[in-house]
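Here's the structure we're looking at; comments come further down.
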Amino acid sequence: MNRIERALDALAGRTDTPAPIVLADVMQDNIDRMQRFATQQNLAVRPHVKTHKCVEIGRRQVNAGAVGITAGNVGEAEVFAAAGFDDIFIAYPVWAAGTKMPRIRRLAETTRLRVGVDNVAAINALADAMGAEPERLQVVIEVDCGARRSGAPPAVAGDLALAARKRGLVPAGVFTYPGHGSASPEARKRAAEDQEAALTTAVRSLSAFGITPEVVSAGSTPTVEFATSSIITEIRPGEYVFNDLNNARLGACTEDQIALFVAGTVVSDWVPGQVILDIGTKALGREGNPGIGYGRIAGTTTTLSKLNEYHGFLPVPAGGFRPAVGTVLPVIPNHVCPVVVNFEEYTVTDSTGASLERWAVDARGFLN
């Protein structure tokens, strides 16, 4: 019986399903391990709170040594700012329009706020939002390093920084996201090398205009192990706090470092060769495919083969593992982030299952 199975067994009768269960001791080990790595590499840690959306967990990250937090949108930033977090980077090319204009301005008045940008139109919109005090807002130029998502070509980072400075905003530096490092175990290092090359070019582009970046920011959990270039000043991992099956498959964590699972109950077994759990897409999201499944039962090699909104289909071959109706099972998700947004709170315990707390998913639903 592994630590997830032991913890769930100890919680029997004390939690309803489906429920996200957090092993706080494993999570804290993950936080401390990342902080040690960053300290050894002379890097600042700015964890991405989109993974957990929880003020209590964010506080633990800052208490461990994080310089601040990364948020995915204005709403997330507002939730954490209201809880006392005063150094926030919205690592997203926000379009400042409608209510976001006064909201960004208020955030910049109460926190050290940085916002990602990758085009001149967004820079002008942010400057307009700041009104007579554009100098209160720092912008960080996003460049693409191969993920082919948002982000300008690295060579034009200086032009964007200059445009921001001309509008009175403060160009604080550059950042990128090596998302293509999640393609395979071998892709992790290659993506980190692409990241280093892109950031190096971007820094040179800023220097050509006499702008020295305060921050050169890198991600992500799959690639952070290789983010050791001296040009990088900051890392923004998110998933490391919980980890998941995708990161384990990539080699970015071990299965013993997975700190969150979803408890689900077998509710039906009429169909030969399968049982049904009360965990569907509304609990796990849609991450997965028929090849890897849609979540694995801890302590086994058995995976969910299909999800409906409220149903998880678990194959049970004849003569093999067959849980009875009423059995509570621990499901490890492929990707942890989509799980978190489906629940209002975490059930928090440790590897023994002795303790039991409930922590709010404070920023759940804050998407704009």
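The values are calculated or read from the model by the stated rules, or taken from the named source; none is laboratory data. Being a predicted model, the structure only gives us computed values, none of them experimental. Here Cβ is always computed from backbone atoms with ideal geometry, including for glycine, and neighbour counts include all displayed protein chains. Accessible surface areas use protein heavy atoms only, side chains included; no ligands, DNA or RNA. Shrake-Rupley method; radii C 1.70, N 1.55, O 1.52, S 1.80 Å.
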Subject >> Around L314: net Lys/Arg minus Asp/Glu count, Cβ-Cβ under 15 Å >> reply: +1
Original post:
With +1 on each Lys and Arg Cβ and -1 on each Asp and Glu Cβ, how big is the dipole of region 1-101 about its Cα centre, in debye rounded to the nearest 20?
Top reply: 160
Subject >> Cα gyration tensor category, rounded, prolate or oblate, for region 123-178 with a/c compared to 1.5 >> reply: prolate
Original post:
List the aspartates and glutamates whose alpha-carbon lies under 17 Å from that of K53, not counting same-chain residues fewer than 8 positions away?
Top reply: E76, E78, D86, D87, E239, D244, E344, E345, E357, D362
Original post:
Which of the trypsin sites (Lys or Arg not before Pro) found in region 259-338 are loop residues per DSSP with 16 or fewer other Cβ atoms within 10 Å of their Cβ?
Top reply: R286
Original post:
Anyone know which of V339, V139, V325 comes out most mobile in the 10 Å Cα GNM of the chain?
Top reply: V325
Original post:
Over all distinct Cα pairs, what is the inverse of the mean 1/r for region 37-112, reported as the Kirkwood hydrodynamic radius in Å?
Top reply: 12.9
Subject >> Within-12-Å neighbourhood charge of V361 [Cβ basis; K, R +1; D, E -1] >> reply: -1
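With only alpha-carbon atoms in the gyration tensor, what are the semi-axes of the equivalent ellipsoid for region 89-229, in Å, largest first?
27, 16, 12
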Original post:
Taking all protein chains as present, what is the carbon and sulfur share of the accessible area of the chain, in % to the nearest whole number, probe 1.4 Å?
Top reply: 50
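Would you mind calculating the gained length between F321 and E345 on full extension (0.36 nm times residue separation, minus the Cα-Cα distance), in nm to one decimal?
Length gained between F321 and E345: 5.6 nm.
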**OP:** Please give the residues of region 162-176, grouped as numeric ranges, whose backbone N is less than 18 Å from a label point set 7 Å along the Cα-to-Cβ vector of D87.
**Re:** 171-175
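Checking the a/c ratio against 1.5 first, then a/b against b/c, what shape does the Cα gyration tensor give for region 193-317? Don't skip to the answer; put the middle values down first.
Numbers: a/c = 3.76, a/b = 3.23, b/c = 1.16.
In terms of gyration-tensor shape, prolate.
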Original post:
Which net charge results for the neighbourhood of D159, defined as the other residues with beta-carbon distances under 12 angstrom from its beta-carbon, given Lys and Arg at +1 and Asp and Glu at -1?
Top reply: +1
**OP:** State the antiparallel share, in %, of DSSP beta bridges confined to the chain, rounding to the nearest 5.
**Re:** 45
Subject >> Gaussian network model of the chain, Cα within-10 Å springs - most flexible of E186, E78, E344 >> reply: E186
Subject >> Surface accessible to a 1.4 Å probe, per residue, for the residues of the chain, Å² >> reply: 41
Original post:
What residue among G68, G210, G319 has the largest mean-square fluctuation in a Gaussian network model of the chain, using Cα springs under 10 Å?
Top reply: G319
Subject >> region 264-368, Rg to Rh (Cα coordinates; Rh as Kirkwood inverse mean 1/r) >> reply: 0.99
